Amino acid sequence: MGKLNSGSNITRVILFHAVVLAVLAILPLFLSTYHQKLAVEAIILSVFAMSLDLVMGYAGIATFGHAAFFGIGGYAMGVMLKFLFPSIWLGLILAGFCSAVLALFVGVVSIRAKGIYFAILTLAFAEVVYRIIFHSYNTPLGGSDGLVGVPTPMLGLGPFEINLKSTTNFYWVAVAFAYLSYLVCKLIVSSPFGSILSGIRENENRVPFLGFNVKWSKVTAFVIAGAFAGFSGAMFTAFKSYADTEQLSFLLSGKVIVMDLIGGIGTLIGPMIGAVVITVFESIISTHFAAHNIIIGAIFVAVVIFMPKGFLGLFAKKDRNE
Amino acid sequence: MFFEVKELCRSFGALQAVHNVSFTLDEGTTLSIIGPNGAGKTTLFNLITGVFQPDSGEVTFKGARVTGMPPDKLCHKGIARSFQITNIFQGLSVFENIRLACQGRKATRRMFSHVSKLKEPIEEAEKILDLLGLLDLRDTRAGTLSHGDQRYLEIGMTLAAKPSLVLFDEPTAGMTPMETKATIALINKLKGMVTIILIEHDINMVFAVSDRIIVMDQGSVLAEGLPQEVKANEAVKTAYFGEEI
């Protein structure tokens, strides 16, 4: 009986994924180019938001500097495409590598500190990265002007080549990128390693007594999250044809936290939805209202007070013990 | 010698929390540590299990020096402990609590496969839940369990590491008399299978399960011996039991 149930559950999950992917696939056919572009941005940012969920939602580590990894990934892609080799794949690899190395460094140095102290250290590191790049005028990175004029090469996919200059094509690539990233992250959080992270979130002090090294588990989570942030930053630069310091800024680090909390942390999919909601919403109201961040701030406050588990919490099954 | 603590000392400021504590332990025996509040019992546990570093002294386990070793390493060596204040994963289910604890003992192969494929830890977790009588509560969120069941879960998580030496810090704290009885039965079941060091205030339990007893007072060992010797010791009577027992 139990087996039958889980079998039909898997079918249901696969069916659900297929429907969502199908809807996402045909969506651009109904969108103007402007809205397609917005959708691409939202989808790329959804991976960034999901990467933060690995550390914040699963391991329970607050970080205020996540944009540093997104931005470094973006710059890595820009440098690869503009100066080294016109390959999106190599750009992604370089971006993931650079962001992961930065995350490893920040993680190893800061992980002794817990809670808010760790968060402040990540903020400080992110600010250092931001300042260094902001003032790098006489380097190829372009200082506060950003790294502009990043070419958009074809995306090689075995025997095929996808022209990424077409927004519709980029949209589909972004959907595939987000979906694959989601699957990998889902795998990570459902693994024994994922359970250790949940243990750390629930009760960090008990975890070592069960035979786990808390410090390295946290650093590993931080590095994986950094790498995914780097991948999404790289896609962002490939799409926008530039990398600039805004991608590294504290504003973005803050915004991604808002995305995660609004969507519902500890769910992976919640933060992705949060990213889409915030990006789309921001674009709609910013055309009507200059100080749109005030409205976003108000929504954020309302969500935190009235829906502490985020949008996804509205649909979650009620805990039968509560 | 299976387990040995030698002249262990630790001060916090001017307070000598643990002072020159030494004892040895044979494999398969049960040792209880008793003493009034503030005698240094839990601090001694914290020194043995790597929570605090001792100022001086030595701890050896199966012939190897394990002084100040971090808890995760001690767990791999076969030393596990429970806590006086329930220390579980409130937001995870009862089963997840135990499975996570079972998972930690082994080194980290297959760290990124799916948890449902962890055959051994899952089977062991089921066994432990059965032993503790928590199978019916398998999918309940740990934080919503009754106090007694949380205490059982705490014990179960400690056993999940399959330790050869277990340190129980007041396992019956806050339990009802019925639950205490069940815990005594459980510890008697464990006796012989593992070596146990027990901190306990319930004197009936101490005399029911212990092979040897150490009495601590103000950080030092006041008396040590067989249960009947400790019972007869004059200094112990005054310091701990009052004039009469």
- Message: Using the basic label-point model (7 angstrom from Cα toward the beta carbon), what is the A:Tyr34 to B:Asn37 distance in nanometres?
- Response: 7.0 nm
- Query: Extension gain A:Leu157-A:Ile299, at 0.36 nm per residue separation less the Cα-Cα distance, in nm?
  - Reply: 47.0 nm
- Computed E for B:Ile203/B:Asp130 - FRET, C-beta separation, R0 25 angstrom, nearest 0.05: 0.25
- Compactness of chain B, expressed as Rg and Dmax over alpha-carbon positions, Å: 18.2, 61
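Of all DSSP beta bridges located in the protein assembly as shown, what percent are antiparallel, nearest 5?
60 percent
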- Item | Span-rule helices in chain B, defined as complete DSSP H runs reaching 18 Å or more along the axis (Cα) with Kyte mean at least -0.5 | B:119-132, B:147-160, B:177-190
- Could you list B:Phe112, A:Phe70 in order of exposure, starting from the residue whose Cβ has the fewest other Cβ atoms within 10 Å? B:Phe112, A:Phe70
- Message: Which of rounded, prolate or oblate describes region B:139-208 when judged by the alpha-carbon gyration tensor and an a/c cut-off of 1.5?
- Response: oblate
- Query: Which ³J(HN,Hα) values in Hz, rounded to whole numbers, follow from the phi angles of region A:65-79 under the Karplus curve 6.51 cos²θ - 1.76 cosθ + 1.60, where θ = phi - 60° and Gly and Pro get x?
  - Reply: x, 5, 4, 4, 6, 4, x, 4, x, x, 5, 4, 4, x, 5
- Message: Only bridges whose two residues both fall in region B:123-245 count here: according to DSSP, what percent of them are antiparallel, nearest 5?
- Response: 45 percent
- What is region A:23-81 by shape, rounded, prolate or oblate, if you read a ≥ b ≥ c off the alpha carbon gyration tensor as root eigenvalues and call it rounded for a/c under 1.5, prolate for a/b larger than b/c, and oblate otherwise? oblate
- Task: Using only atoms on other chains, find how many Cβ atoms lie within 10 Å of each Cβ of peptide A:186-198 and report the average.
- Result: 5
- Task: Could you point to the residue in A:Leu27, A:Met56, A:Leu81 farthest towards the positive end of region A:1-155's charge dipole, with +1 and -1 charges on the Cβ of Lys/Arg and Asp/Glu respectively?
- Result: A:Met56
- Query: In which sequence would A:Val106, A:Val20, A:Val79 go, from the one with the fewest C-beta neighbours within 10 Å to the one with the most?
  - Reply: A:Val20, A:Val79, A:Val106
- Note on the structure: Given backbone amide H placed at 1.01 Å from N, residues whose amide H is under 5 Å from that of B:Ser93, ignoring those fewer than 5 places away on the same chain, are B:Ala142
- DSSP beta bridges in chain B [antiparallel fraction, %, rounded to 5]: 55 percent
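So what is the calculated 222 nm ellipticity per residue for chain A, using -39500 (n - 2.57) for each DSSP H run with n of 4 or more, over all residues, to the nearest 500 deg cm²/dmol? Intermediate values should be presented prior to the final figure.
Details: 12 runs with 217 residues, N = 322.
That calculation yields -23000 deg cm²/dmol at 222 nm.
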- In this structure, the FRET efficiency calculated for B:Met178 and A:Tyr137 from their beta-carbon separation, with R0 = 60 Å, to the nearest 0.05, is 0.20
- Query: Just how far, in whole angstrom, is region A:89-144 from region A:232-260 if you go by their alpha carbon centroids?
  - Reply: 13 Å
- Query: Which value in Å does the Kirkwood hydrodynamic radius of the protein assembly as shown take, with 1/r averaged over all unlike C-alpha pairs and then inverted?
  - Reply: 26.5 Å
- Message: Loop by DSSP (not H, G, I, E, B), at most 15 other beta-carbon atoms within 10 Å: where is the longest site-free stretch of chain B for GluC sites (Glu not before Pro)?
- Response: B:28-242
- Task: For an R0 of 35 angstrom, estimate the FRET efficiency from the Cβ-Cβ distance between B:Asp139 and A:Ile26 and round to the nearest 0.05.
- Result: 0.35
- Task: Would you mind ranking A:Trp89, A:Trp172 by Cβ crowding within 10 Å, fewest neighbours first?
- Result: A:Trp89, A:Trp172
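Dipole size in debye (nearest 20) for the protein assembly as shown around its Cα centre, Lys and Arg Cβ +1, Asp and Glu Cβ -1?
1460 debye
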- Query: Could you give the length gained on full extension between B:Gln53 and B:Gln228, defined as 0.36 nm per residue of separation minus the Cα-Cα distance, in nm?
  - Reply: 59.6 nm
- Note on the structure: Heads up, region A:75-170 by the C-alpha gyration tensor (a ≥ b ≥ c square roots of eigenvalues; a/c under 1.5 rounded, else a/b over b/c prolate, else oblate) looks prolate
- In terms of Cα to Cα distance under 17 Å, which aspartates and glutamates are near enough to B:Lys41, apart from those fewer than 8 places away along the same chain? B:Glu4, B:Glu7, B:Asp55, B:Glu58, B:Asp169, B:Glu170, B:Glu200, B:Asp202, B:Asp217, B:Glu224
- Quick one: Cα centre-to-centre distance for region B:44-60 and region B:113-132, in angstrom? 32 Å
- Candidate aspartates and glutamates for bridging to A:Lys114, where Cα separation is under 20 Å - those fewer than 8 sequence places away on the same chain excluded: A:Asp53, A:Glu127, A:Glu202, A:Glu204, B:Asp72
- Task: Measure up A:Lys215/A:Lys255; A:Lys218/A:Lys309; A:Lys215/B:Lys117; B:Lys127/B:Lys189; B:Lys62/B:Lys162 against 20 Å on the Cα-Cα distance and list the ones that go over.
- Result: A:Lys215/A:Lys255; A:Lys218/A:Lys309; A:Lys215/B:Lys117
- Express the Stokes-Einstein translational diffusion coefficient of chain A in µm² s⁻¹, to the nearest whole number, given a Kirkwood radius over alpha-carbon pairs, 10 °C and a viscosity of 1.306 mPa s. 78 µm²/s
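Quick note: the coordinates plus some simple rules give every number you see, no bench work behind them. Owing to the predicted nature of the structure, the values given are computational and were not obtained by experimental measurement. Note that we place each Cβ from the backbone using ideal geometry, even for glycine, and neighbour counts take in every protein chain shown.
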